[in-house]
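A.B. asks: Have a look at this one.
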Amino acid sequence: MIRKWLIGGGILVIAGYLGVTGYIYMADNARSNTLINEEKKLSHDTSPSVSNTKIINQQISNLFYQKGCDYCHTRSASLPFYAAIPGVKQLMDYDIQQGSQYFSLEPTLLAIKENRAVPEADLAKIESAIAREQMPPQRFAVLHWASGINAEERNQILDWVKAQRAEHFPSTSSSDMQHLTLQPLPDALPVDSQKVALGSRLFHDPRLSSDNTVSCASCHLLSKGGVDNLATSTGVDGQKGGINAPTVFNAVFNVNQFWDGRAVDLQQQAGGPPLNPVEMASASWNDIINKLQQDAQLTQEFVQVYPQGYSEHTITDAIAEFEKTLTTPNSPFDRYLKGDVNALTASQKNGLALFQQNKCDTCHVGKNIGGQSYDLMGLKGDYFADRSKELTTDDQGRFNVTKDPHDMHRFKTPGLRNIALTAPYFHDAQAEDLNQAVEMMLKYQVGTSLPPQDVKDIVAFLESLTGEYIPHQ
């Protein structure tokens, strides 16, 4: 009798599961079809001239909706009625919380809709998750049968990623290195040499500070990897800043400037420190201009390039033009990417492999090997709770700019070029050396630890990123 009850109960459980999941399957399909039709209305173009690229982009967007990726990786998704069912609700709440921390699909979907480049780091994250068959997670697929990605769909997404990368982020790597998310630096960028010469003088000119003691170069020493090797930099009157100074080398390749991305480009970044009361502390640009105007030779040379004379715009434009020359190509890793298989040691090659295996190359991407995205500090552990230091406003990261709770503790992923020269590490300078920095990243961002030799190999790889700075002539 008991056996019959157990069998009967099992049948009821299975029937209940099949009933719920079958209903969810139909609801998910109906929902995705509605979303796809809405997308078509918003970006309808049925003319024969529609490019094949746009058609493929739309197919990928449709796939993301069909598989329910937007449930957990966008904040605009309207949850279906069944999300309130006990059991289902808890599973979906957890997936949404995890998904929003790890990756937002919104920039990708918007880029597809507007027919422009999908962010480079987003491509890397999508490629990694699909290639490793990590999406959808099993707990999600158990309820959402339509979310499974078959081999054909997987290849379709991976081919799309490669096409996006080839079109928008072309690499000069050798043919057998084109698959990497990391790229070599160009030998130089096109610049206006006259502006560069002026920008260099202004970058090194302490008259941009209130007491004529601090220049841009005071905190960004070109002889020290573009930093000062201090936890926080020293401004006028010995004041200390609240955050570790990023390097100026290769900053031109970053998507934005500063840890929180508050400056959209080099020129806007150059305009920040001169009036920052803790850094250079000038009262106004007029004060700076009045001092520069007393230098007859500089002024004469300046108006030859900028006939309108000194202003915030012209001064920062010149400094930004100079900073475009602060690139460091020809590192051992650059040479390796371009086909010199002997440019890296065996230890460095193993370190590169470990760097990829632990998905470091999904945030540290592109020419600067970082600087392309904002990522949560502490994906796999509470970094700030473990830290023996009180929270500060600077610890809020990108939130300080957007005021979006989603951006709390998110920071622009730093570029890793010349990283061996720029200790201490992280926005709060909590890692004193590369070995410690690697171990902390493994713990808080990957959720793992590695044997000491593996850590040494990753450090050896990072040391291969030190390039050559040749001043512009």
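Conditions tested, residue by residue: (1) under 30 Å from His364 (Cα atoms); (2) free of Cβ contacts under 8 Å to residues at least 40 places away in the same chain; (3) surrounded by fewer than 23 Cβ atoms within 10 Å (Cβ to Cβ).
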position: Val248; (1), (2), (3): yes, no, no
position: Asn254; (1), (2), (3): yes, no, no
position: Val264; (1), (2), (3): yes, yes, yes
position: Gln268; (1), (2), (3): yes, no, yes
position: Gly271; (1), (2), (3): yes, no, yes
position: Val278; (1), (2), (3): no, no, yes
position: Trp285; (1), (2), (3): no, yes, yes
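Yes/no per residue for (1) within 15 Å of Ala129 (Cα to Cα); (2) assigned to a helix (DSSP H, G or I); (3) touching a helix residue (DSSP H, G or I) at 6+ places or on another chain (Cβ under 7 Å); (4) in the same structural domain as Met135 (by the TED database):
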residue: Asn62; (1), (2), (3), (4): no, yes, yes, yes
residue: Cys72; (1), (2), (3), (4): yes, yes, yes, yes
residue: Ala77; (1), (2), (3), (4): no, no, yes, yes
residue: Lys89; (1), (2), (3), (4): no, yes, yes, yes
residue: Tyr94; (1), (2), (3), (4): no, yes, no, yes
residue: Ser104; (1), (2), (3), (4): yes, no, yes, yes
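A.B. asks: Next up: Only one residue in Leu344, Leu326, Leu354 is out of contact with any strand residue (DSSP E or B) (no Cβ under 9 Å at 6 or more places or on another chain), of a type in the set (A, V, I, L, M, F, W, C), touching a residue at least 24 places away in the same chain (Cβ under 8 Å) and within 30 Å of Arg262 (Cβ to Cβ). Which one? Let's see the steps before the verdict.
C.D. replies: Details: Leu344 fails: within 30 Å of Arg262 (Cβ to Cβ); Leu354 fails: within 30 Å of Arg262 (Cβ to Cβ).
Sole residue among the options that is out of contact with any strand residue (DSSP E or B) (no Cβ under 9 Å at 6 or more places or on another chain), of a type in the set (A, V, I, L, M, F, W, C), touching a residue at least 24 places away in the same chain (Cβ under 8 Å) and within 30 Å of Arg262 (Cβ to Cβ): Leu326.
A.B. asks: Mind checking which residues of region 233-260 are in contact with a Lys or Arg (Cβ under 9 Å, 6 or more places away or on another chain) and within 16 Å of Gly397 (Cβ to Cβ)?
C.D. replies: Listed by number, the residues that qualify are Pro246, Asn254, Val255, Asn256, Gln257, Phe258, Trp259, Asp260.
A.B. asks: Would you check if Asp159 is out of contact with any helix residue (DSSP H, G or I) (no Cβ under 8 Å at 6 or more places or on another chain) and outside the structural domain of Lys89 (by the TED database)?
C.D. replies: Numbers: out of contact with any helix residue (DSSP H, G or I) (no Cβ under 8 Å at 6 or more places or on another chain): yes; outside the structural domain of Lys89 (by the TED database): no.
The answer is no for Asp159.
A.B. asks: Looking at Gly241 and the list (1) modelled with pLDDT under 95; (2) of a type outside the set (Lys, Arg); (3) in contact with a Pro (Cβ under 7 Å, 6 or more places away or on another chain), which single condition is not satisfied?
C.D. replies: Only one criterion in (1) modelled with pLDDT under 95; (2) of a type outside the set (Lys, Arg); (3) in contact with a Pro (Cβ under 7 Å, 6 or more places away or on another chain) is unmet by Gly241, namely (3).
A.B. asks: I'd like the full set of residues that are farther than 25 Å from Gln98 by Cβ, surrounded by fewer than 16 Cβ atoms within 10 Å (Cβ to Cβ) and either touching a Leu at 6+ places or on another chain (Cβ under 6 Å) or not assigned by the TED database to the domain that holds Ala353 (or both), limited to region 418-467.
C.D. replies: If the condition is that a residue be farther than 25 Å from Gln98 by Cβ, surrounded by fewer than 16 Cβ atoms within 10 Å (Cβ to Cβ) and either touching a Leu at 6+ places or on another chain (Cβ under 6 Å) or not assigned by the TED database to the domain that holds Ala353 (or both), then no residue fits.
A.B. asks: I want to confirm something. Restricting to region 160-180 and keeping residues that are in a loop (DSSP other than H, G, I, E, B) and surrounded by 14 or more Cβ atoms within 10 Å (Cβ to Cβ), which single residue is farthest from the chain's Cα centre (by Cα)? Spell out the reasoning first.
C.D. replies: Going through region 160-180, the residues in a loop (DSSP other than H, G, I, E, B) turn out to be 169-174, 178-180.
Of the ones still in play, those that are also surrounded by 14 or more Cβ atoms within 10 Å (Cβ to Cβ) are 169, 171-174, 178, 180.
Values: Phe169: 15, Ser171: 18, Thr172: 21, Ser173: 21, Ser174: 24, Gln178: 20, Leu180: 16 Å.
So, considering only residues that are in a loop (DSSP other than H, G, I, E, B) and surrounded by 14 or more Cβ atoms within 10 Å (Cβ to Cβ), the one farthest from the chain's Cα centre (by Cα) is Ser174.
A.B. asks: Then there's this: Quick test of your reading of the structure: Gly371 fulfils all but one of (1) of a type outside the set (S, T, N, Q); (2) outside any loop (DSSP other than H, G, I, E, B); (3) touching a strand residue (DSSP E or B) at 6+ places or on another chain (Cβ under 7 Å). Name the failing condition by number.
C.D. replies: (2)
Here is a yes/no grid of residues against (1) modelled with pLDDT under 95; (2) farther than 25 Å from Pro471 by Cβ; (3) touching a helix residue (DSSP H, G or I) at 6+ places or on another chain (Cβ under 8 Å):
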site: Gly272; (1), (2), (3): no, no, no
site: Leu275; (1), (2), (3): no, yes, yes
site: Ala281; (1), (2), (3): no, yes, yes
site: Asp287; (1), (2), (3): no, yes, no
site: Val303; (1), (2), (3): no, no, no
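A.B. asks: Could you tell me which numbered condition Pro307 fails, if it satisfies all but one of (1) surrounded by 18 or more Cβ atoms within 10 Å (Cβ to Cβ); (2) without any contact (Cβ under 8 Å) to a residue 40 or more places away in the chain; (3) not aromatic (Phe, Trp, Tyr)?
C.D. replies: (1)
A.B. asks: Can you report the number of residues in region 385-417 which are buried (at least 16 other Cβ atoms within 10 Å of the Cβ) and either outside the structural domain of Leu434 (by the TED database) or in a helix (DSSP H, G or I) (or both)?
C.D. replies: Residues meeting the conditions: 8.
A.B. asks: Out of the residues in region 441-452 that are assigned to a helix (DSSP H, G or I) and touching a residue at least 40 places away in the same chain (Cβ under 8 Å), state the one that is farthest from the chain's Cα centre (by Cα). Even if it seems obvious, please write down each step before you answer.
C.D. replies: At the first step, the residues of region 441-452 found to be assigned to a helix (DSSP H, G or I) are 441-446, 452.
Imposing the further condition that a residue be touching a residue at least 40 places away in the same chain (Cβ under 8 Å) reduces the set to 441-446.
Values: Met441: 15, Leu442: 17, Lys443: 19, Tyr444: 17, Gln445: 14, Val446: 16 Å.
It comes out as Lys443.
A.B. asks: Related question: For residues that are of a type in the set (Gly, Ala, Ser) and assigned to a helix (DSSP H, G or I), scanning just region 284-342, find the one that is nearest to Thr247 (Cα to Cα). If you could, list the steps in order and put the result at the bottom.
C.D. replies: Restricting attention to region 284-342, the residues satisfying the condition of being of a type in the set (Gly, Ala, Ser) are 284, 296, 309, 311, 318, 320, 331, 339.
Okay, now just the ones that are also assigned to a helix (DSSP H, G or I), so 296, 318, 320.
Values: Ala296: 32, Ala318: 19, Ala320: 14 Å.
Ranking the candidates gives Ala320 first.
A.B. asks: Could you identify the single residue in Ala151, Ala188, Ala231 that is exposed (fewer than 14 other Cβ atoms within 10 Å of the Cβ), over 21 Å from the mean Cα position of the chain (by Cα), touching a residue at least 60 places away in the same chain (Cβ under 8 Å) and under 28 Å from Asp361 (Cα atoms)? Let's see the steps before the verdict.
C.D. replies: Details: Ala151 fails: touching a residue at least 60 places away in the same chain (Cβ under 8 Å); Ala231 fails: exposed (fewer than 14 other Cβ atoms within 10 Å of the Cβ).
One residue alone meets the criteria, Ala188.
A.B. asks: For region 352-385, how many residues are aliphatic (A, V, I, L, M) and under 20 Å from Thr466 (Cβ atoms)?
C.D. replies: Of all residues in region 352-385, those aliphatic (A, V, I, L, M) come to 352-354, 365, 369, 376-377, 379, 385.
Imposing the further condition that a residue be under 20 Å from Thr466 (Cβ atoms) reduces the set to 352-354, 365, 369.
Within region 352-385, residues that are aliphatic (A, V, I, L, M) and under 20 Å from Thr466 (Cβ atoms) number 5.
A.B. asks: If we scan region 401-423, do we find a residue that is in contact with a strand residue (DSSP E or B) (Cβ under 6 Å, 6 or more places away or on another chain) and without any contact (Cβ under 8 Å) to a residue 24 or more places away in the chain? Explain how you work it out, then say what you get.
C.D. replies: So the first thing to find is which residues in region 401-423 are in contact with a strand residue (DSSP E or B) (Cβ under 6 Å, 6 or more places away or on another chain), and the list is 409-413, 422.
Imposing the further condition that a residue be without any contact (Cβ under 8 Å) to a residue 24 or more places away in the chain reduces the set to none.
No - not one qualifying residue is present in region 401-423.
A.B. asks: Determine which single condition Ala283 fails, assuming it passes every other condition in (1) in the same structural domain as Pro414 (by the TED database); (2) touching a Ser or Thr at 6+ places or on another chain (Cβ under 7 Å); (3) of a type in the set (A, V, I, L, M, F, W, C).
C.D. replies: The number of the failed condition is (1).
The values are calculated or read from the model by the stated rules, or taken from the named source; none is laboratory data. This one's a predicted model, so the numbers in the text were calculated from it and none came from an experiment. All Cβ positions, even for glycine, are placed from backbone atoms using ideal geometry, and neighbour counts span all protein chains on display.
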